[in-house]
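The values are calculated or read from the model by the stated rules, or taken from the named source; none is laboratory data. It should be emphasised that the depicted structure is a prediction, and the values quoted were computed from it without experimental measurement. Here the Cβ positions follow ideal geometry from the backbone for every residue, glycine too, while neighbour counts run over all protein chains shown.
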Amino acid sequence: MTTLSLVIPAYNEEARLPALLETLATTGGAEISKGGFDLLEVLIVDDGSTDQTPEILSNASGPRLRAVLGDGRNRGKGAAIREGCRQAQGEYVLLADVDLSTPLEELSKLGTAIRAGADIAIGSRAVPGALVERGPAHRKLTGKAFGGTVRALTGLRVRDTQNGFKLLPTELAQKLFSVQLCAGFAYDVELLMRAELEGLRIAEVPVLYVHDPRSRVRVGRASMQMLRDVTMLAYRLKPRRSQQIGYSSRSTVLGDLSTDDPD
């Protein structure tokens, strides 16, 4: 069975880490196995937390758990994901968030897309078939507005760049992240832009998403910074369609990319 590294960034997550660790210890491996993968390791990357997150990770036990603690500096979610992928040893990496807002059970859908020929499979809240539970109306509106702006600026066809649930080969992840420009929340946009520029096939897969009201993301402030970063990416990357990073390229985008957002 194909081996998988689960990469999860963490910043000041002392309140949510215990539940994550419990889930991983009890059902995580089984759910990933149902998705068609063998869980090799879980890399939880601390991004310079100032609360008890580093201590919780240091004291956490498990044969497949690897705490990546760094030097204490807060670099950003993208930088944490990059470091986790750099250290990953599985054949594939699954990127996920601390709250597992997209449950591990949804991995099977991404795995199916990969086996159907996609190079990257991403969980989406914005294509038909997706189910969003407990999502506040203002976040849905902000997400739609941000997604539309991203598509207008970058030319990306993906409708939901920001769901953290993404599956891709480890080798590909390491190559794409090796030239990372955005260390913050816009890393998703950069990852997908670089993939499209390489002609890779991206499958946007409808998944279940359960909003966690304890989310630490401050939508207004984060959105402004992301828009600045996306504008920079559009300038830096959009014209560079001839530059390759040495990975086989294919141009078809998979998944239902309907222009109609679900309610």
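Out of R125, R157, R134, one residue alone is within 24 Å of A10 (Cβ to Cβ) and either among the aliphatic types (A, V, I, L, M) or touching a helix residue (DSSP H, G or I) at 6+ places or on another chain (Cβ under 8 Å) (or both). It is R125.
The strands (runs of 3 or more DSSP E) falling completely within the stretch 67-175 that include 2 or more residues that are at pLDDT 95 or above and within 16 Å of the chain's Cα centre (by Cα) map to 92-95, 120-124, 166-169. Scanning the stretch 74-110 for residues that are closer than 10 Å to G123 by Cβ, in contact with an Asp or Glu (Cβ under 8 Å, 6 or more places away or on another chain) and of a type in the set (S, T, N, Q) returns a single hit, S101. Can you spot a residue in the stretch 3-15 that is in a helix (DSSP H, G or I) and over 19 Å from the mean Cα position of the chain (by Cα)? No - not one qualifying residue is present in the stretch 3-15. Selection within the stretch 26-66: residues that are of a type in the set (A, V, I, L, M, F, W, C) and under 19 Å from E106 (Cβ atoms). The member of this set that is nearest to the chain's Cα centre (by Cα) is V42.
Scan the stretch 2-28 residue by residue and report those that are surrounded by fewer than 19 Cβ atoms within 10 Å (Cβ to Cβ) and touching a Leu at 6+ places or on another chain (Cβ under 6 Å). Passing the criteria: only T3.
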